[in-house]
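Worksheet: one structure, shown below.
The values are calculated or read from the model by the stated rules, or taken from the named source; none is laboratory data. What you see is a predicted model, and the numbers here were worked out from it, not measured in a lab. Here the Cβ positions follow ideal geometry from the backbone for every residue, glycine too, while neighbour counts run over all protein chains shown.
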Amino acid sequence: MSRDVTVGVLALQGDFAEHADALRAQGVATRFVRRPRDLEGLSGLVLPGGESSTMLKLLDIQELEAPLIAFLRSGKPVLATCAGLILCAKKVVAPEQRSYAVLDVEVARNGWGRQIASGTFALRTDARSGLPNPLSGVFIRAPRILAVGDACKVLATRDGEPVLVRQGNVLGASFHPELESGHPVTRMFVEMVGATEAKRVVVL
């Protein structure tokens, strides 16, 4: 990865440090995003797991919401895991909550169960995804994807239900790839960043 490539990790709440470590292990420079100026010059962004309602409050306090939405719609790669998936969804239920609608999915908060139901589960991947099959995923009070729109591709399922989706530049996961060393989803995101940067350099 080029030294000019830096991926931001939203660092207001949640497991942002684990995401940064996972990216650095793949040779990617990272920057914690806590203020609007932290988004400047980034090649990609991670919205980590945590508590989505708390993140929304902190985004408002830090005046980060508008610049974050602009980044999500910029075409640069975004990895949204667990709470990040909730923030990116078109519709959130159980309970209802506002979100940024960059992924055409409906999600239920904690839909895969509370802490007692958390664990590592085997996932099935789409043959066209480029991901190994089976794939493992760590679920922690994970959101459940209830519906997927036509614009969104399902890349992996758990018990027949979607848990990994992609729509354009946004990759959304119900689980936590950052908690498994060298997870294929982290590598997929890094490849998305590299491909986008290569196109940018060609255009320049």
Query raised in the report: On the given criteria, is residue 119 touching a Phe, Trp or Tyr at 6+ places or on another chain (Cβ under 7 Å), loosely packed, with under 13 Cβ neighbours inside 10 Å and of a type in the set (Gly, Ala, Ser)?
Result: yes
Picked from the stretch 161-193 (must be surrounded by fewer than 17 Cβ atoms within 10 Å (Cβ to Cβ) and out of contact with any Lys or Arg (no Cβ under 8 Å at 6 or more places or on another chain)), the residue nearest to residue 99 (Cα to Cα) is 168
Residue hits (the stretch 162-189; more than 12 Å from the chain's Cα centre (by Cα) and within 16 Å of residue 132 (Cβ to Cβ)) are 180, 181, 182, 183, 184, 187
Scanning the stretch 25-66 for residues that are in contact with a Ser or Thr (Cβ under 9 Å, 6 or more places away or on another chain) and assigned to a helix (DSSP H, G or I), the one surrounded by the most Cβ atoms within 10 Å (Cβ to Cβ) turns out to be 52
Of the listed residues (95, 67), the one being modelled with pLDDT of 95 or more, more than 16 Å from residue 192 (Cβ to Cβ) and out of contact with any Phe, Trp or Tyr (no Cβ under 8 Å at 6 or more places or on another chain) is 67
Considering only strands (runs of 3 or more DSSP E) wholly within the stretch 69-143, the ones with at least 1 residues that are touching a His at 6+ places or on another chain (Cβ under 9 Å) are 78-81, 135-139
Note to self: Residue under question is residue 81, and the condition is that it be touching a strand residue (DSSP E or B) at 6+ places or on another chain (Cβ under 6 Å), closer than 17 Å to residue 171 by Cβ and crowded, with 17+ Cβ neighbours inside 10 Å; does it hold?
What the structure shows: yes
